[in-house]
Amino acid sequence: MNARDGHSGPAPRPPFAARDAALALVVVAGLACVFLLSRRLDAVRPAEDPFASYEDLYVAPEAARRLSLAFNGLAADWYWLRSLQYLGRKTGARESYALDDLRPLGVGGLPRLLEQATALDPQFMAAYDFGAVVLPAIDDARAVRFVERGIRENPREWRLYQHLGYIHWQAGRYAESSEAYRAGAAVEGAPRWMSALAVQVQVYGGSRDTARQLYRRMLEGADDEKIKLLAAKRLLQLRSLDERDAVGRVLQEFRSRASRCPASWREVAPALRAARLNTDASGSPLDPTGLPYLLDQSKCEAALDKRSEVPKR
């Protein structure tokens with residue numbers, strides 16, 4: 001029956017035009033929501049790392065060794081150069097960074113690149129040398145494993161024992177460091193100072209004199225310019241720490257007499273010169289790079305100028 005007969009029936013369907021318009025409205029609303037959500041995600045997404053591709057490894061080390069056939073050396077060189085470029089780009093993107101902690105640079109791919117190079121060429125000493133100095137600032141445990149694998153592959157290379165001793169010393173594991181130097185001293189051709197360092201590390205641990213000896217030996221024995229630069233910077237840092245200690249003693253002596261910190265370096269210039277510290281014409285003490293130390297009156301101590309190339313830590 002229909003409405004004309006006085007009986008109720010099914011409701012009439014809306015015209016096709018109205019139904020299509022409603023569907024189009026739903027689609028447009030959905031697209032608008034997707035667009036807005038995409039904009040929101042773009043706004044909160046971290047900035048893309050322009051060097052992320054440097055962390056991609058095409059194949060695992062073992063597979064790379066099989067695939068490279070008789071060209072393992074060339075493939076190792078390729079990964080070695082890639083690791084240098086990778087670190088260079090990361091450090092070049094920052095105005096300053098701490099030598100003893102490179103993790104904020106986002107260099108997590110470097111260990112894998114160096115492991116790749118040495119897996120392809122287990123006698124690749126340049127890669128071991130570089131990794132032993134850089135990897136502890138990224139992953140200490142991985143650095144130890146890296147050098148220990150190098151020792152297993154090259155048991156007659158005393159320099160690898162030197163590197164292992166340095167890694168342990170840097171982490172404050174003086175007994176392990178001493179043992180590594182002692183083991184290296186037993187290798188044929190090892191220099192006599194390896195035995196001396198084994199004793200010094202065991203007895204004096206983290207003293208500045210021990211650090212000086214370690215970095216001097218590193219500077220003298222390194223072939224890689226980056227390693228030499230790091231050792232030279234560390235020696236500058238140690239020299240600066242000694243200088244700041246000497247300046248601190250002058251400041252504390254003045255403070256005990258005058259019950260205040262000096263208003264400027266001029267007030268203590270004669271005492272600074274008497275302490276055999278380098279000063280400029282105004283009486284300011286100079287750091288190892290020739291820049292004047294700043295007088296931090298809140299702490300009454302010498303501070304490095306931000307322009308100084310002496311490592312802050």
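Details
- Subset of region 287-302 [surrounded by fewer than 16 Cβ atoms within 10 Å (Cβ to Cβ), free of Cβ contacts under 8 Å to residues at least 24 places away in the same chain and within 26 Å of Leu230 (Cβ to Cβ)]: Gly290
- Residues of region 171-188 that turn out to be in a loop (DSSP other than H, G, I, E, B) and more than 21 Å from Asn154 (Cβ to Cβ), as a count: 3
- Residue in region 160-170 that is in the same structural domain as Leu197 (by TED's automatic domain parsing), surrounded by fewer than 22 Cβ atoms within 10 Å (Cβ to Cβ), in a loop (DSSP other than H, G, I, E, B) and out of contact with any strand residue (DSSP E or B) (no Cβ under 7 Å at 6 or more places or on another chain) present: no
- Per-region count, region 254-294, residues within 20 Å of Gln237 (Cβ to Cβ) and either of a type in the set (Val, Ile, Thr) or not in a loop (DSSP other than H, G, I, E, B) (or both): 5
- Lone unmet requirement of (1) part of a helix (DSSP H, G or I); (2) within 28 Å of Leu102 (Cα to Cα) for Arg313: (1)
- Residue list for region 103-117, restricted to those being surrounded by 23 or more Cβ atoms within 10 Å (Cβ to Cβ), touching a Lys or Arg at 6+ places or on another chain (Cβ under 8 Å) and in contact (Cβ under 8 Å) with a residue 40 or more places away in the chain: Leu113
- For region 124-146, filtered to residues that are more than 14 Å from Leu81 (Cβ to Cβ) and in contact with an Asp or Glu (Cβ under 7 Å, 6 or more places away or on another chain), the residue that is modelled with the lowest pLDDT is Ala137.
The values are calculated or read from the model by the stated rules, or taken from the named source; none is laboratory data. Remember, it's a predicted structure, so these values are computed and weren't measured experimentally. Positions of Cβ are generated from backbone atoms using ideal geometry, with glycine treated the same way; all protein chains shown enter the neighbour counts.
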